[in-house]
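Notes follow once the structure below has been shown.
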Amino acid sequence: PFTIAGERVAQPFRDAYGWADSLLTARSDAKRLKAETEALRQQVIQNQFAANENAKLKALLAFRDGPRFPDDYTGLTAAVIARPSGTFAQEVVVAAGSNDGVAVDAPVVTADGFLGRVTRVYSRSSRVTLLSDEQLAVSAIAVRSGATGIVKHGRGSSATLIFDRVPKKVKVTVGDTIVTAGWRSSKLASLYPKGIPIGRVTSVGQADTDLWKQIQVKPFADFERVDAVLVLVLKDGPE
C-alpha cells in the first residue's frame, strides 16, 4: 500500500517534469526552426536580388553588343551606388571613374535608352546628371518624320519630357520614337552619339501664339529606378 501510495504521489511530479522537459524541447526546436526559416528567407531574397541584377546586366550587355550601340564607343558597365539627397537636381552616382577611363560629358545610357551625362568624375566614381534635370538637354530627332529639336525636362514629374524647338510646319504624331540626333560638323560634334532611343511621343499640340509645337515625350529609361548603367567611353579617348 505504501509503495502504491508513493507512486500515486510521485507520478504527477514525474508527469509535470516530463511535460516541462518536452515544453523546453519544443521551444528549443521552435527557436531553431525559426532561425532556419529566417536564414532560408534571407537566402531566397539574396537569390532573387542576384537574379534581378543578373537580368539587368544581361540586358545592358545585350544592348552593348547589339546593332543600336554606337560604333565609336565602348560601354562601361557600372552600378548605381548613390542618389544625392537634399537637392532638386536629378542625379545618381555610379561606380566608375577616371581610373576606368570615364571623363566629364560622357553619355550614360540604360538598356532602355538615354539616361544622362557625366558631370563630375572622381577616381572610382562619377556623378551623372539625368535628362530629367532642368539643366540638361539633348539634341534629338523624330525617327519617322526627321523633325529635329531639343529634348529636355518638362513640367510635372520626371517621367515627362518635352520635345522643344520643333517648327509647327513639321509633322510629329503620337507614338513617334525620338532618338539622339548626334550631329557632326568639320570641327564640332554633339556630346551624344546618334540614334540612342530617348522616348516616345505621347501628345502633340500647337497654339497660334507659340513659335514651336508643344510635344510631350515619355522616356524609355526609368529615371526613378535605375540600378545599373552603361557609361559610353570613346574608343580613342577624349581629344
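Numerical summary
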{"quantity": "Residue match in the range 43-59 (condition: part of a helix (DSSP H, G or I) and modelled with pLDDT of 75 or more)", "calculated": "no"}
{"quantity": "Some residue of the range 15-34 being surrounded by 10 or more Cβ atoms within 10 Å (Cβ to Cβ), among the β-branched types (Val, Ile, Thr) and modelled with pLDDT of 85 or more", "calculated": "no"}
{"quantity": "Residue in the range 172-185 that is modelled with the lowest pLDDT, counting only those that are open to solvent by less than 40 Å² (accessible area, probe 1.4 Å) and closer than 21 Å to residue 107 by Cβ", "calculated": "182"}
{"quantity": "Residue in the range 125-152 that is farthest from residue 218 (Cα to Cα), counting only those that are in a strand (DSSP E or B), open to solvent by less than 20 Å² (accessible area, probe 1.4 Å) and not hydrophobic (A, V, I, L, M, F, W, C)", "calculated": "126"}
{"quantity": "Residues that are within 17 Å of residue 71 (Cα to Cα), in a strand (DSSP E or B) and among the aliphatic types (A, V, I, L, M), drawn from the range 98-122", "calculated": "108, 109"}
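Let's see how each residue does on (1) touching a Lys or Arg at 6+ places or on another chain (Cβ under 8 Å); (2) modelled with pLDDT of 85 or more; (3) open to solvent by less than 80 Å² (accessible area, probe 1.4 Å); (4) assigned to a strand (DSSP E or B):
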residue	(1), (2), (3), (4)
156	no, no, yes, no
159	yes, no, yes, no
162	yes, yes, yes, yes
170	yes, yes, yes, no
187	no, no, no, no
192	yes, yes, yes, no
200	yes, yes, no, yes
224	no, yes, no, no
230	yes, yes, yes, yes
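The values are calculated or read from the model by the stated rules, or taken from the named source; none is laboratory data. Note that the coordinates shown come from a computational prediction; the quantities given were computed from them, not determined experimentally. Glycine also receives a Cβ, built like all others from the backbone with ideal geometry; neighbour counts cover every protein chain displayed. What goes into the accessible areas is simple: the full protein's heavy atoms, side chains included, and nothing from ligands, DNA or RNA. Shrake-Rupley method; radii C 1.70, N 1.55, O 1.52, S 1.80 Å.
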